[in-house]
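The values are calculated or read from the model by the stated rules, or taken from the named source; none is laboratory data. Values in this document were obtained by computation on a predicted structure and should not be read as measured data. For neighbour counting, all protein chains shown are included, and Cβ atoms are generated from backbone atoms with ideal geometry for every residue, glycine included.
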2 protein chains.
Amino acid sequence: MYRLALQRSVSSLCKFSKCEAKRLRLTAAQLRSSKVWNLGKINHIALVTPDLNKSTALYRDVLGGKVSDQQPLPEHGVTTVFVELGDTKIELLHPLGEKSPVQSFLDKNKSGGMHHICIEVDNIQKAMEDLRAQNIRLLSEQAKIGAHGKPVVFLHPKDCDGVLVELEEA
Amino acid sequence: MYRLALQRSVSSLCKFSKCEAKRLRLTAAQLRSSKVWNLGKINHIALVTPDLNKSTALYRDVLGGKVSDQQPLPEHGVTTVFVELGDTKIELLHPLGEKSPVQSFLDKNKSGGMHHICIEVDNIQKAMEDLRAQNIRLLSEQAKIGAHGKPVVFLHPKDCDGVLVELEEA
């Protein structure tokens, strides 16, 4: 009798646990679908180079890619060249001016290297609020207007596994 | 008389130089259009992470991306997770086994970081011949079968401005 009661209790508990697990999964799925901002495609991968002409020649003449003209962006402290590769771009960056934000990277990586990845979002304000609430540090209080004339924000590399991630509203 | 002859000579020389320059530009354009292999889209950006579960949670739960299951690839010495972002992917890599090719990267970059970019090509054999002829060093004599079951080859970072570039036939 006691054993039967125990079996019934365990059985009820298992059923409850399964229901609860199902409910929690539903809640997580609902949470995801109710997200008020969405991640889009990778907009670009930014590489810093010590020699913009040489890097441009590599991607254009050696690899046969389609590259843009050099674009000096004094307000961002960089000169850029874009390499079009399908839906995504490589952004070649070289320091411009005395307070370039990529100079210290080049000082540490004399040959150049991979600097950041930029992922598109559909609503940067909502993304920033949500990420702050999830303890992801942002590198600026407000979104700034980036190299493409669109609002951007950078996430702290220490909160993104050592990778500098830029979000761009697109 | 002497001055006139000199002017004519200079004029002829200028015309010849212009013709020659035009001819050389045509040759360069012809060379590009006659390339027997073509660069395609960026297939993925590979990030090495010290904690695959944590990184997966970042891209899935915090950023709301679509991520794959973990895939152990003992023959490549890595466990991978792919994050689908439009036409391109982020490939999260974590060392697997004792001779993982990404272990030394992780030793140097304890928090993780950007490891390589992978660009598609339509003919890897022709690309390899052409790049060798242009003095770009390849990290293997032959193309190898990569994580997606397709032939891949890595280019020497010293010949690509400090960036490890993988080419994948797709």
Exercise for review: Please work out if A:GLN71 is modelled with pLDDT of 60 or more and exposed (fewer than 11 other Cβ atoms within 10 Å of the Cβ).
Suggested key: no
Of the conditions (1) more than 9 Å from every other protein chain (Cβ to nearest Cβ); (2) under 19 Å from B:ASN43 (Cβ atoms); (3) in contact with a His (Cβ under 7 Å, 6 or more places away or on another chain), the single one that A:GLU84 does not satisfy is (3)
Does B:LEU96 satisfy the criteria of being buried (at least 18 other Cβ atoms within 10 Å of the Cβ) and facing chain A (nearest Cβ under 8 Å)?
-> no
Sole miss for B:ARG23 among (1) part of a helix (DSSP H, G or I); (2) at pLDDT 95 or above; (3) more than 7 Å from every other protein chain (Cβ to nearest Cβ) is condition (2)
When restricted to A:LEU13, A:LEU31, the only residue modelled with pLDDT under 60, within 26 Å of the chain's Cα centre (by Cα) and either in a helix (DSSP H, G or I) or assigned by TED's automatic domain parsing to the domain that holds A:HIS148 (or both) is A:LEU31
Would you mind stating whether A:GLU120 is within 14 Å of another protein chain (Cβ to nearest Cβ), part of a strand (DSSP E or B), more than 30 Å from B:ASP159 (Cβ to Cβ) and under 16 Å from the mean Cα position of the chain (by Cα)? yes
Check: Any chance the range A:49-67 includes a residue that's away from every other protein chain (no Cβ under 13 Å) and either part of a loop (DSSP other than H, G, I, E, B) or modelled with pLDDT under 95 (or both)?
Finding: no
Practice problem: Report yes if some residue within the range A:140-163 is at pLDDT below 95, in contact with a helix residue (DSSP H, G or I) (Cβ under 7 Å, 6 or more places away or on another chain) and more than 17 Å from B:THR88 (Cβ to Cβ); otherwise report no. | Solution: yes
When the range A:137-165 is checked residue by residue, the ones that are within 14 Å of chain B (Cβ to nearest Cβ), out of contact with any Ser or Thr (no Cβ under 9 Å at 6 or more places or on another chain) and surrounded by fewer than 19 Cβ atoms within 10 Å (Cβ to Cβ) are A:ARG137, A:LEU138, A:HIS156, A:ASP159
